[in-house]
Structures are given as C-alpha cells and as structure tokens.
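Readers should treat all values here as calculations from the given coordinates under stated rules, not as data from a laboratory. The model shown is predicted, which means the values in this text are computed figures rather than measured ones. Quick reminder, even Gly has a Cβ in these numbers, built from the backbone with ideal geometry, and neighbours come from all protein chains shown.
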Amino acid sequence: MKRLQQAPGASLLSTDTPLTGIGLIVLSTACFSGSDSLSKYLVQTLPASEVAWIRWLVFVVMAVILAARDEPGRFRSRRPGLQVLRGLGLVGSAVATMMALRSMPLAESTVLGFTSPALITILSIPILGEVVGWRRWVAVAGGLLGVLLVARPGAAAFQVAALFNLASSLCWASACVLSRKIAATDRAATTLLWSAVIGLVVLTAWMPVVAVWPTRKELLLALLLGLVAGAGQYCVVLAYRHAAASLLAPFCYLQLIWSSAIGWLAFAAWPDGWTWVGAAIITASGLYTAGRERARHPPAIAQAGAQPSASPPRP
C-alpha cells in the first residue's frame, strides 16, 4: 500500500478518538482564519516578508520548545535536500498569501487556497510516481473550474492578487507532496524543526532589503499572528493523531465560513454570488478527492498524521 502523506509536523498515532480529532481540526480552521485576518491588517503598512519573518520567529521558538523534549540526534535528516525544498515551499506559501491579502478580500483568498488538493494530485504524478484515475482528474478539472469562477480572469472583478494566491497554493501543495516523500525516512518532529529554521533563515536574509520599523501595536499584532498560526499548526498535528485524514478533510472547509464572517465583520467585505458558486465547486472537488482516497486506502485505524490528497488547511 502506498504511504499516505504525513501532515506537516504530525507524529505517531496516539489513539483513535474521532470526536477529539474533529474538534481540533475545527479549532485549527478558526486559528488560520484569525491569522489570515491579522496578516491582512498588518500587510497594509508592513512588507509581507517582514510580517512572515516575525511569524516564523515565533514558529522557531515553538518548534524548539517542542523539540527540546526529544533526543537531539533524532533531528538529523536523511533527506536534507528535500527538507530544504519543503521549507522553501512553506515560507513561499506564507509570503504569497500575505501579498494576496494586501488587496484581496479574505474570503476569496481562502477559497483560492483550497485549490491545493487539485495541485497535490497533479504534483503527485511526477514527484511520487502515483497513477491518477479518470475520476480524480474529473475532480481536478472541477476544482480548476471553481478557481476560474472565483478569480474570473478577463472580467472587471479579476484581481492580480489572485495569482499570488494560486502561487501560494502551488507552494503549499509542493510542501505537502514532499512531506509524503520525506515521511519514509525522517520523523515528523525533524521535518517540523527543519521547516521552521529554513524559513527563518531565508526571511532573515531578506530583511535588510525590505525591513520597516514596526510600531508597538504592529509588533504585538505580528507576535499574536505567530502564536495563533502556530496554535493552528499544532492543532492540525494533534488532530491527525486522533482521527483518519479522510474523516477530517470535510471539516477543513469550515475555514471558508470563518473567513467570510471575519471578512464581513472586520473588513466590511462579503463574497458575491459567483464566489460562493466557485467555493461550492472547489469544496465538492476536494471532498470527492478525499472520498476517493478513503476508498483506495480504507482506514482500519486512524493513520498518524496520514492524509490524502485533500490537504489540511493552508496556514
């Protein structure tokens, strides 16, 4: 049986308690919607890479605290090249999302973020050598149709920021596929620490070019962003220890609801009809992909951190 993709930072199975897993994944979607809203506010006055740098600084501190409980030697990677590529994918996804949020409504940005399951399916062919059947290709085509309805290229409503969102989804999908490949040789805690350090190194190198001195309020909000996003990631880690990924996948789409509500309350932006239609098609595509994966790999027990082509919420 093919090895299922491991959730970023996931660890070995603790127990099969699906209600706990569902509660944790719902909490993670609320955290990611909250972190996106903080990002949208901060990137109006600060460079996206600087906001990401502060977030990654908090991420590293959290990863080091978690890693301190383990043996240091266990964090030596057998696939350092892939770890570097995965880390670049994660940080690229975060920065691209923040750049999109500068001018794109929160809900629309979240909808486009859920194109990653389709991209994971496509990337799994050259990277993992998987064979994709016609049903999953239909789901991919449906997801891309949903993207066209949300972005509407050529229409007056089209925003160039949508391209940043699609770039973010591509980076995230690449990181997820590499997670599956790395899982065969490296522990999840190793991957978590590598991703944190690589992202911080890349962003730190860029800081002298773009850095703007933040106000006290901006700094506190950026630190809060790091804590909320980190809490969301940790909830994902715990959720996939308690329940199978294909069971949890439908609940990831609650992030669309949170983002729409926050966008309306905080930024007075409500998605139009075409966005909701596109969101419904993208969601159906992702859920069908998750269902097909569940049928191909019936989870007799919850797979630790295992997840199908339907990815976890994109942070």
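Scalar couplings 3J(HN,Hα) for segment 50-58, obtained by applying the Karplus form with A = 6.51, B = -1.76, C = 1.60 to θ = phi - 60°, are 6, 4, 5, 4, 5, 4, 5, 4, 5 Hz; x denotes Gly and Pro.
Among rounded, prolate and oblate, which fits segment 105-234 when a ≥ b ≥ c are the square roots of the eigenvalues of its C-alpha gyration tensor, a/c under 1.5 means rounded, and a/b larger than b/c means prolate? If you can, show how the numbers build up before the last one.
On the way: a/c = 2.34, a/b = 1.21, b/c = 1.93.
Taking the square roots of the gyration eigenvalues as a ≥ b ≥ c, segment 105-234 is oblate.
Highest mean first, the peptides 211-221, 250-260 sorted by other C-beta atoms within 10 Å per residue fall in the order 250-260, 211-221.
Please work out how much length the chain gains when fully extended from I125 to L145, using 0.36 nm per residue of separation minus the C-alpha to C-alpha distance, in nm with one decimal.
On the way: separation 20, 0.36 × 20 = 7.20 nm, distance 2.08 nm.
Extra length available between I125 and L145 comes to 5.1 nm.
Divide the volume of the convex hull around the Cα atoms of segment 24-182 by the residue count and you get 139 Å³ per residue. Shape of segment 164-291 from its Cα gyration tensor (a ≥ b ≥ c, root eigenvalues): rounded if a/c is under 1.5, otherwise prolate when a/b > b/c, or oblate? Cα axes put segment 164-291 in the oblate bin.
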